[in-house]
Amino acid sequence: MTPKELNAFKGNHIRLTVVDENLDYSAARDIAKEKARELSADPMLLSWFSGKTGEYYPRTECGTSGKPAWIVFAEARDADIAININDGEYIFLYLSIP
């Protein structure tokens, strides 16, 4: 998610710095989920992006807005929490579920 896209994202933006040169997707996902739980009792992970590898989920095409599909997918499902780890190394978009 570029800084412009992140600023356009409606919802809570949380930036985390994790000092771990071996940080992988699994560990980053667990850290993000724990942080998202501070805002929602049971946050639902809708999409994610790895700046390390360029991988993202879901691997689908969504719309023609010029935004990456994983962002469009999450926004269409009312994502309202963005957890950005290490300035885009990993980004997770969640839906708050009370």
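Is the range 3-95 best put as rounded, prolate or oblate by its Cα gyration tensor, with a ≥ b ≥ c the root eigenvalues, rounded for a/c under 1.5, and otherwise prolate when a/b is larger than b/c, oblate when not?
Working: a/c = 1.65, a/b = 1.25, b/c = 1.33.
Oblate shape, in that a/c is at least 1.5 and b/c is the bigger or equal ratio.
Which of rounded, prolate, oblate describes the range 20-67, given a ≥ b ≥ c as roots of the alpha-carbon gyration tensor eigenvalues and a/c under 1.5 marking rounded, otherwise prolate only if a/b is larger than b/c? Walk me through the intermediate numbers first.
Details: a/c = 2.87, a/b = 1.28, b/c = 2.25.
Because a/c hits 1.5 or more and a/b fails to exceed b/c, the range 20-67 counts as oblate.
Using Cα-Cα distances under 8 Å and only pairs 6 or more residues apart, what relative contact order does the range 3-95 have, in percent? Intermediate results must be reported in sequence, preceding the final value.
Details: 143 pairs, mean separation 36.2, N = 93.
In percent, rounded to a whole number, it is 39.
Given a 10 angstrom Cα cut-off, can you work out which residue in ALA82, ALA27, ALA36 is the most mobile in a GNM of the chain?
Per the Cα network of the chain with a 10 Å cutoff, ALA27 tops the list.
Order by neighbour count: VAL19, VAL72, fewest other Cβ atoms within 10 Å first, most last.
On the way: VAL19 6, VAL72 18.
So the residues, fewest neighbours to most, are VAL19, VAL72.
Every number here is computed from the coordinates shown, using simple stated rules; none is lab data. Quantities reported herein were computed from a predicted structural model and do not represent experimental measurements. Cβ coordinates were reconstructed from backbone atoms using ideal geometry, including for glycine residues, and neighbour counts include every protein chain displayed.
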